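As C-alpha coordinates, the structure follows; a few thoughts come after it.
The values are calculated or read from the model by the stated rules, or taken from the named source; none is laboratory data. This one's a predicted model, so the numbers in the text were calculated from it and none came from an experiment. No Cβ is skipped: glycine too gets one built from the backbone with ideal geometry, and neighbour counts run over all protein chains shown.
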Amino acid sequence: MRKNGIWFPVFLFLIIATASQGQTMKKEGSELAEKMAESEMKQFPEPWTVDFNPKPVWNYTQGLIAQSMLMVWKETKNEAFYNYAKTYADKLIDASGNISGYKAEEYNIDCMNSGKFLFELFDRTKDDRYRNTIILLRNQLKTQPRTSEGGFWHKQRYPNQMWLDGLYMAAPFYAQYAQVFNEPDLFNDVVNQFKVVHKHSYDPKTGLNYHGWDESKQQKWANPETGCSPNFWSRAEGWYAMALVDVLDFLPQNHAGRPKLIEILNQVAVGIRKSQDLKSGLWYQVTDQGGKDGNYLEATGSSMFTYALLKAVRKGYISKEYKAVALKAYSGILNNLIKNNTDGTISLTKCCSVAGLGGNPYRDGSYEYYVKEPVRDNDPKGVGPFIMASLEMKMK
(Lines give C-alpha, C1' and ligand atoms only; values in the text may rest on other atoms or scores of the structure.)
Protein backbone atom coordinates (compact mmCIF):
# COMPACT_ATOMS: atom_id res chain seq x y z
CA MET A 1 0.00 0.00 0.00
CA ARG A 2 1.29 3.50 -0.80
CA LYS A 3 0.39 6.67 1.05
CA ASN A 4 1.61 10.18 0.27
CA GLY A 5 4.36 8.84 -1.96
CA ILE A 6 5.76 6.51 0.72
CA TRP A 7 5.61 2.71 0.66
CA PHE A 8 3.60 1.44 3.66
CA PRO A 9 3.47 -2.34 4.21
CA VAL A 10 -0.03 -3.38 5.36
CA PHE A 11 -0.46 -5.05 8.75
CA LEU A 12 3.27 -5.17 9.43
CA PHE A 13 3.10 -7.17 12.61
CA LEU A 14 0.83 -9.79 11.05
CA ILE A 15 3.23 -10.09 8.14
CA ILE A 16 6.08 -10.83 10.52
CA ALA A 17 4.02 -13.08 12.75
CA THR A 18 2.66 -15.61 10.24
CA ALA A 19 4.48 -17.93 7.89
CA SER A 20 2.24 -17.28 4.89
CA GLN A 21 2.57 -13.53 5.21
CA GLY A 22 6.29 -14.03 5.77
CA GLN A 23 6.38 -15.30 2.22
CA THR A 24 4.77 -12.01 1.21
CA MET A 25 7.67 -10.09 2.70
CA LYS A 26 10.11 -12.31 0.85
CA LYS A 27 8.35 -11.54 -2.43
CA GLU A 28 8.21 -7.87 -1.55
CA GLY A 29 11.94 -7.79 -0.87
CA SER A 30 12.80 -9.46 -4.15
CA GLU A 31 10.53 -7.13 -6.09
CA LEU A 32 11.93 -4.06 -4.38
CA ALA A 33 15.51 -5.10 -5.08
CA GLU A 34 14.67 -5.29 -8.78
CA LYS A 35 12.61 -2.10 -8.65
CA MET A 36 15.40 -0.14 -6.98
CA ALA A 37 17.98 -1.47 -9.44
CA GLU A 38 15.75 -0.53 -12.38
CA SER A 39 15.23 2.92 -10.86
CA GLU A 40 18.96 3.40 -10.45
CA MET A 41 19.58 2.58 -14.10
CA LYS A 42 16.83 4.95 -15.21
CA GLN A 43 17.99 7.79 -12.98
CA PHE A 44 21.67 7.23 -13.83
CA PRO A 45 21.85 5.77 -17.37
CA GLU A 46 25.65 5.96 -17.29
CA PRO A 47 26.87 3.89 -14.32
CA TRP A 48 29.86 6.10 -13.53
CA THR A 49 27.45 8.95 -12.68
CA VAL A 50 25.72 7.20 -9.75
CA ASP A 51 27.58 9.39 -7.27
CA PHE A 52 26.29 12.55 -8.99
CA ASN A 53 29.59 13.12 -10.79
CA PRO A 54 29.52 13.17 -14.62
CA LYS A 55 33.25 12.39 -14.86
CA PRO A 56 34.17 8.69 -15.13
CA VAL A 57 36.18 7.80 -12.01
CA TRP A 58 37.26 4.57 -10.34
CA ASN A 59 35.59 4.85 -6.97
CA TYR A 60 34.09 2.66 -4.29
CA THR A 61 30.56 3.97 -4.78
CA GLN A 62 30.34 2.88 -8.40
CA GLY A 63 31.79 -0.48 -7.42
CA LEU A 64 29.17 -0.87 -4.71
CA ILE A 65 26.36 -0.27 -7.20
CA ALA A 66 27.98 -2.57 -9.76
CA GLN A 67 28.22 -5.34 -7.17
CA SER A 68 24.57 -4.92 -6.19
CA MET A 69 23.55 -4.99 -9.86
CA LEU A 70 25.32 -8.29 -10.37
CA MET A 71 23.50 -9.69 -7.35
CA VAL A 72 20.16 -8.68 -8.88
CA TRP A 73 21.24 -10.15 -12.22
CA LYS A 74 22.01 -13.48 -10.57
CA GLU A 75 18.58 -13.45 -8.95
CA THR A 76 16.52 -12.32 -11.96
CA LYS A 77 18.67 -13.50 -14.91
CA ASN A 78 17.98 -10.09 -16.49
CA GLU A 79 21.05 -9.25 -18.56
CA ALA A 80 20.40 -5.51 -18.27
CA PHE A 81 21.74 -5.54 -14.71
CA TYR A 82 24.86 -7.45 -15.72
CA ASN A 83 25.49 -5.13 -18.64
CA TYR A 84 25.14 -2.06 -16.44
CA ALA A 85 27.93 -3.29 -14.18
CA LYS A 86 30.08 -4.38 -17.11
CA THR A 87 29.66 -0.99 -18.78
CA TYR A 88 31.25 0.67 -15.77
CA ALA A 89 34.23 -1.69 -15.87
CA ASP A 90 34.72 -1.30 -19.59
CA LYS A 91 34.60 2.50 -19.37
CA LEU A 92 37.44 2.62 -16.86
CA ILE A 93 39.60 -0.40 -17.75
CA ASP A 94 41.79 -0.47 -20.85
CA ALA A 95 42.90 -3.43 -22.98
CA SER A 96 45.77 -4.23 -20.62
CA GLY A 97 43.77 -3.99 -17.41
CA ASN A 98 44.97 -0.55 -16.37
CA ILE A 99 42.46 1.74 -14.66
CA SER A 100 41.90 5.26 -15.95
CA GLY A 101 42.99 7.81 -13.36
CA TYR A 102 44.11 5.22 -10.83
CA LYS A 103 47.30 6.04 -8.91
CA ALA A 104 48.60 3.22 -6.78
CA GLU A 105 51.01 5.56 -5.00
CA GLU A 106 48.08 7.34 -3.36
CA TYR A 107 47.40 4.14 -1.42
CA ASN A 108 43.71 4.91 -1.37
CA ILE A 109 42.12 1.83 0.17
CA ASP A 110 38.72 2.86 -1.24
CA CYS A 111 39.94 1.79 -4.68
CA MET A 112 39.87 -1.87 -3.66
CA ASN A 113 36.09 -1.98 -3.41
CA SER A 114 35.51 -1.70 -7.14
CA GLY A 115 37.69 -4.74 -7.61
CA LYS A 116 35.07 -7.00 -6.04
CA PHE A 117 32.64 -7.18 -8.94
CA LEU A 118 35.47 -7.91 -11.38
CA PHE A 119 35.76 -11.47 -10.07
CA GLU A 120 32.29 -12.16 -11.44
CA LEU A 121 33.06 -10.50 -14.78
CA PHE A 122 36.25 -12.49 -15.18
CA ASP A 123 34.59 -15.73 -14.17
CA ARG A 124 31.92 -15.25 -16.83
CA THR A 125 33.96 -13.76 -19.68
CA LYS A 126 37.47 -15.13 -19.03
CA ASP A 127 38.67 -11.73 -20.27
CA ASP A 128 42.20 -11.26 -18.94
CA ARG A 129 41.65 -7.50 -18.66
CA TYR A 130 39.57 -8.07 -15.55
CA ARG A 131 42.06 -10.53 -14.11
CA ASN A 132 44.88 -8.04 -14.68
CA THR A 133 42.92 -5.29 -12.95
CA ILE A 134 42.25 -7.53 -9.95
CA ILE A 135 45.99 -8.25 -9.69
CA LEU A 136 46.80 -4.54 -10.12
CA LEU A 137 44.61 -3.67 -7.15
CA ARG A 138 45.89 -6.53 -5.04
CA ASN A 139 49.46 -5.34 -5.70
CA GLN A 140 48.65 -2.01 -4.07
CA LEU A 141 48.09 -3.87 -0.80
CA LYS A 142 51.57 -5.39 -1.00
CA THR A 143 53.07 -1.99 -0.21
CA GLN A 144 50.08 -0.28 1.47
CA PRO A 145 51.40 1.63 4.51
CA ARG A 146 50.49 -0.03 7.80
CA THR A 147 50.18 0.67 11.48
CA SER A 148 52.72 -0.94 13.81
CA GLU A 149 50.35 -3.91 14.25
CA GLY A 150 49.86 -4.41 10.51
CA GLY A 151 46.59 -2.54 9.92
CA PHE A 152 46.29 -0.85 6.53
CA TRP A 153 46.33 2.95 6.53
CA HIS A 154 43.16 4.37 5.05
CA LYS A 155 45.09 6.50 2.56
CA GLN A 156 48.60 7.83 2.13
CA ARG A 157 47.34 11.30 3.01
CA TYR A 158 45.77 9.96 6.22
CA PRO A 159 48.91 8.57 7.88
CA ASN A 160 48.67 6.13 10.79
CA GLN A 161 44.88 6.01 10.51
CA MET A 162 42.41 3.15 10.19
CA TRP A 163 38.77 3.98 9.48
CA LEU A 164 35.95 1.48 9.78
CA ASP A 165 35.08 2.25 6.14
CA GLY A 166 38.37 0.75 5.02
CA LEU A 167 37.53 -2.71 6.30
CA TYR A 168 34.65 -2.96 3.83
CA MET A 169 36.70 -1.46 1.03
CA ALA A 170 39.59 -3.92 1.20
CA ALA A 171 39.00 -6.97 3.40
CA PRO A 172 36.36 -8.87 1.35
CA PHE A 173 38.27 -8.13 -1.86
CA TYR A 174 41.52 -9.30 -0.26
CA ALA A 175 39.89 -12.47 1.07
CA GLN A 176 38.28 -13.29 -2.27
CA TYR A 177 41.62 -12.77 -3.97
CA ALA A 178 43.22 -15.19 -1.53
CA GLN A 179 40.55 -17.77 -2.32
CA VAL A 180 40.44 -17.37 -6.10
CA PHE A 181 44.21 -17.14 -6.58
CA ASN A 182 44.94 -19.82 -3.98
CA GLU A 183 47.09 -17.74 -1.64
CA PRO A 184 45.89 -19.03 1.74
CA ASP A 185 48.61 -17.25 3.70
CA LEU A 186 46.80 -13.98 2.98
CA PHE A 187 43.86 -14.98 5.14
CA ASN A 188 45.90 -14.31 8.28
CA ASP A 189 46.45 -10.74 7.11
CA VAL A 190 42.74 -10.35 6.39
CA VAL A 191 41.81 -11.45 9.91
CA ASN A 192 44.44 -9.21 11.42
CA GLN A 193 42.86 -6.12 9.85
CA PHE A 194 39.72 -6.70 11.93
CA LYS A 195 41.62 -7.62 15.06
CA VAL A 196 43.65 -4.41 14.96
CA VAL A 197 40.80 -2.01 14.23
CA HIS A 198 38.46 -3.69 16.72
CA LYS A 199 41.07 -3.66 19.47
CA HIS A 200 41.42 0.10 19.19
CA SER A 201 37.97 1.32 18.06
CA TYR A 202 35.50 -0.84 20.00
CA ASP A 203 33.65 0.71 22.94
CA PRO A 204 32.23 -2.00 25.23
CA LYS A 205 29.85 0.43 26.92
CA THR A 206 27.83 1.13 23.77
CA GLY A 207 28.84 -1.93 21.75
CA LEU A 208 29.82 0.41 18.92
CA ASN A 209 33.07 1.25 17.15
CA TYR A 210 34.42 4.76 16.73
CA HIS A 211 34.62 5.94 13.13
CA GLY A 212 38.40 6.28 13.04
CA TRP A 213 41.57 5.55 14.97
CA ASP A 214 44.86 7.44 14.71
CA GLU A 215 47.74 5.37 16.05
CA SER A 216 49.94 8.45 16.31
CA LYS A 217 47.24 10.36 18.23
CA GLN A 218 48.31 13.48 16.33
CA GLN A 219 45.05 14.36 14.59
CA LYS A 220 42.97 17.11 16.16
CA TRP A 221 40.01 14.72 16.10
CA ALA A 222 41.91 11.98 17.94
CA ASN A 223 41.41 11.28 21.63
CA PRO A 224 44.84 11.94 23.19
CA GLU A 225 44.67 8.69 25.15
CA THR A 226 43.02 6.26 22.73
CA GLY A 227 43.55 7.87 19.32
CA CYS A 228 39.86 7.37 18.50
CA SER A 229 37.58 9.88 16.83
CA PRO A 230 34.96 11.37 19.16
CA ASN A 231 31.69 9.90 17.84
CA PHE A 232 29.90 6.85 16.48
CA TRP A 233 28.70 7.30 12.91
CA SER A 234 26.12 4.83 11.67
CA ARG A 235 27.48 4.47 8.15
CA ALA A 236 30.97 3.74 9.43
CA GLU A 237 29.59 1.04 11.70
CA GLY A 238 27.49 -0.16 8.76
CA TRP A 239 30.53 -0.55 6.54
CA TYR A 240 32.20 -2.50 9.32
CA ALA A 241 29.23 -4.82 9.88
CA MET A 242 28.94 -5.53 6.14
CA ALA A 243 32.68 -6.19 5.94
CA LEU A 244 32.40 -8.84 8.63
CA VAL A 245 29.52 -10.76 7.06
CA ASP A 246 30.99 -10.53 3.56
CA VAL A 247 34.56 -11.51 4.41
CA LEU A 248 33.29 -14.71 6.06
CA ASP A 249 32.07 -15.82 2.61
CA PHE A 250 35.70 -16.39 1.64
CA LEU A 251 37.51 -17.23 4.86
CA PRO A 252 37.91 -21.02 5.08
CA GLN A 253 35.71 -22.80 7.59
CA ASN A 254 38.74 -24.27 9.32
CA HIS A 255 40.75 -21.06 9.48
CA ALA A 256 41.95 -20.32 13.01
CA GLY A 257 40.81 -16.70 12.76
CA ARG A 258 37.23 -17.46 11.82
CA PRO A 259 35.91 -17.79 15.41
CA LYS A 260 37.46 -14.42 16.24
CA LEU A 261 35.66 -12.68 13.38
CA ILE A 262 32.37 -14.25 14.40
CA GLU A 263 33.00 -13.12 17.97
CA ILE A 264 33.60 -9.57 16.74
CA LEU A 265 30.48 -9.74 14.58
CA ASN A 266 28.42 -10.74 17.61
CA GLN A 267 29.78 -7.80 19.58
CA VAL A 268 28.93 -5.48 16.70
CA ALA A 269 25.42 -6.94 16.47
CA VAL A 270 24.82 -6.18 20.15
CA GLY A 271 25.69 -2.53 19.60
CA ILE A 272 23.51 -2.30 16.52
CA ARG A 273 20.51 -3.75 18.33
CA LYS A 274 21.08 -1.58 21.39
CA SER A 275 21.10 1.62 19.35
CA GLN A 276 18.09 0.87 17.10
CA ASP A 277 15.26 3.39 17.34
CA LEU A 278 12.42 1.31 18.75
CA LYS A 279 9.65 3.36 17.15
CA SER A 280 10.88 3.45 13.55
CA GLY A 281 13.26 0.49 13.49
CA LEU A 282 15.94 2.74 11.98
CA TRP A 283 19.22 4.20 13.19
CA TYR A 284 20.29 7.78 13.70
CA GLN A 285 23.12 9.51 11.86
CA VAL A 286 25.09 9.77 15.11
CA THR A 287 24.30 6.29 16.28
CA ASP A 288 24.06 6.59 20.04
CA GLN A 289 22.50 10.03 20.32
CA GLY A 290 18.99 9.56 19.00
CA GLY A 291 16.67 12.45 19.76
CA LYS A 292 19.43 15.00 20.20
CA ASP A 293 18.90 18.26 18.34
CA GLY A 294 19.84 17.96 14.66
CA ASN A 295 20.20 14.19 14.64
CA TYR A 296 18.05 12.28 12.15
CA LEU A 297 17.12 8.76 11.09
CA GLU A 298 19.57 8.03 8.28
CA ALA A 299 19.15 5.73 5.30
CA THR A 300 22.61 4.48 4.38
CA GLY A 301 23.56 3.22 7.81
CA SER A 302 20.08 1.77 8.35
CA SER A 303 20.27 -0.13 5.06
CA MET A 304 23.73 -1.45 5.87
CA PHE A 305 22.70 -2.66 9.31
CA THR A 306 19.64 -4.36 7.86
CA TYR A 307 21.68 -6.20 5.25
CA ALA A 308 24.37 -7.24 7.73
CA LEU A 309 21.90 -8.54 10.32
CA LEU A 310 19.78 -10.43 7.80
CA LYS A 311 22.80 -12.12 6.29
CA ALA A 312 24.40 -12.87 9.66
CA VAL A 313 21.21 -14.55 10.88
CA ARG A 314 20.81 -16.52 7.64
CA LYS A 315 24.40 -17.74 7.84
CA GLY A 316 24.08 -18.67 11.51
CA TYR A 317 26.73 -16.25 12.73
CA ILE A 318 24.44 -14.54 15.24
CA SER A 319 21.36 -15.53 17.23
CA LYS A 320 18.04 -15.90 15.43
CA GLU A 321 16.74 -13.28 17.86
CA TYR A 322 18.25 -10.65 15.59
CA LYS A 323 15.85 -11.58 12.82
CA ALA A 324 13.14 -9.46 14.46
CA VAL A 325 15.55 -6.52 14.69
CA ALA A 326 16.33 -6.82 10.99
CA LEU A 327 12.71 -7.22 9.92
CA LYS A 328 11.70 -4.18 11.92
CA ALA A 329 14.55 -2.25 10.30
CA TYR A 330 13.55 -3.28 6.78
CA SER A 331 9.96 -2.30 7.42
CA GLY A 332 11.20 0.98 8.88
CA ILE A 333 13.03 1.71 5.64
CA LEU A 334 9.89 1.03 3.61
CA ASN A 335 7.71 3.06 5.97
CA ASN A 336 9.95 6.08 6.27
CA LEU A 337 12.57 6.24 3.54
CA ILE A 338 11.26 4.83 0.25
CA LYS A 339 9.57 7.40 -1.99
CA ASN A 340 7.55 6.70 -5.13
CA ASN A 341 8.41 9.08 -7.95
CA THR A 342 6.08 10.37 -10.66
CA ASP A 343 8.10 8.62 -13.39
CA GLY A 344 7.48 5.21 -11.84
CA THR A 345 10.85 4.92 -10.15
CA ILE A 346 11.50 4.76 -6.43
CA SER A 347 14.04 6.67 -4.37
CA LEU A 348 15.83 6.11 -1.10
CA THR A 349 15.60 9.33 0.92
CA LYS A 350 17.50 10.83 3.87
CA CYS A 351 20.95 9.63 2.86
CA CYS A 352 24.00 11.37 4.32
CA SER A 353 25.99 12.24 1.21
CA VAL A 354 29.48 12.16 2.70
CA ALA A 355 31.40 12.28 5.95
CA GLY A 356 35.02 11.73 6.88
CA LEU A 357 37.83 12.81 9.16
CA GLY A 358 40.60 15.35 8.68
CA GLY A 359 41.30 16.71 5.22
CA ASN A 360 40.82 20.26 3.98
CA PRO A 361 38.48 21.78 5.01
CA TYR A 362 39.10 19.94 8.25
CA ARG A 363 36.50 17.45 9.48
CA ASP A 364 36.71 17.19 13.22
CA GLY A 365 34.37 14.26 13.81
CA SER A 366 32.20 16.28 16.18
CA TYR A 367 28.49 15.71 16.63
CA GLU A 368 27.80 19.02 14.91
CA TYR A 369 29.93 17.99 11.95
CA TYR A 370 28.07 14.74 11.30
CA VAL A 371 24.55 16.16 11.56
CA LYS A 372 25.32 19.12 9.30
CA GLU A 373 26.72 17.17 6.36
CA PRO A 374 24.46 17.31 3.25
CA VAL A 375 21.52 14.91 2.97
CA ARG A 376 20.22 13.70 -0.41
CA ASP A 377 18.13 11.05 -2.12
CA ASN A 378 19.54 7.99 -3.89
CA ASP A 379 23.04 8.16 -2.56
CA PRO A 380 24.78 5.00 -3.87
CA LYS A 381 26.08 4.22 -0.38
CA GLY A 382 22.46 3.62 0.58
CA VAL A 383 21.02 2.30 -2.69
CA GLY A 384 23.53 -0.55 -2.96
CA PRO A 385 22.99 -1.86 0.59
CA PHE A 386 19.21 -1.43 0.26
CA ILE A 387 19.26 -3.65 -2.82
CA MET A 388 21.40 -6.19 -0.97
CA ALA A 389 19.12 -6.09 2.07
CA SER A 390 16.08 -6.59 -0.15
CA LEU A 391 17.67 -9.67 -1.71
CA GLU A 392 18.39 -10.97 1.78
CA MET A 393 14.70 -10.52 2.60
CA LYS A 394 13.96 -13.06 -0.13
CA MET A 395 16.44 -15.53 1.33
CA LYS A 396 15.62 -15.09 4.99
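Miscellaneous remarks
- Entirely in the range 1-85, the helices (runs of 4 or more DSSP H) that have 2 or more residues that are modelled with pLDDT of 95 or more: 19-43, 60-76
- Tally of residues being of a type in the set (Phe, Trp, Tyr) and in contact with a strand residue (DSSP E or B) (Cβ under 9 Å, 6 or more places away or on another chain) across the range 288-331: 1
- Any hit, the range 188-200, residues being part of a helix (DSSP H, G or I) and farther than 16 Å from LEU244 by Cα: yes
- Helices (runs of 4 or more DSSP H) contained entirely in the range 293-396, each with at least 3 residues that are in contact with a Leu (Cβ under 9 Å, 6 or more places away or on another chain) and surrounded by 21 or more Cβ atoms within 10 Å (Cβ to Cβ): 299-315, 322-336, 380-395
- Lone qualifier among THR206, THR226 - being β-branched (Val, Ile, Thr), out of contact with any His (no Cβ under 8 Å at 6 or more places or on another chain) and at negative phi: THR206
- Selection from the range 251-278 of residues that are within 24 Å of LEU391 (Cα to Cα) and basic (Lys, Arg): ARG273
- Scanning the range 228-246 for residues that are among the charged types (D, E, K, R) and buried (at least 24 other Cβ atoms within 10 Å of the Cβ) returns ARG235, GLU237.
- When every residue of the range 140-148 is checked against the conditions, none turns out to be part of a loop (DSSP other than H, G, I, E, B) and surrounded by 22 or more Cβ atoms within 10 Å (Cβ to Cβ).
- Count - residues of the range 81-129 that are surrounded by 20 or more Cβ atoms within 10 Å (Cβ to Cβ), charged (D, E, K, R) and without any contact (Cβ under 8 Å) to a residue 40 or more places away in the chain: 1
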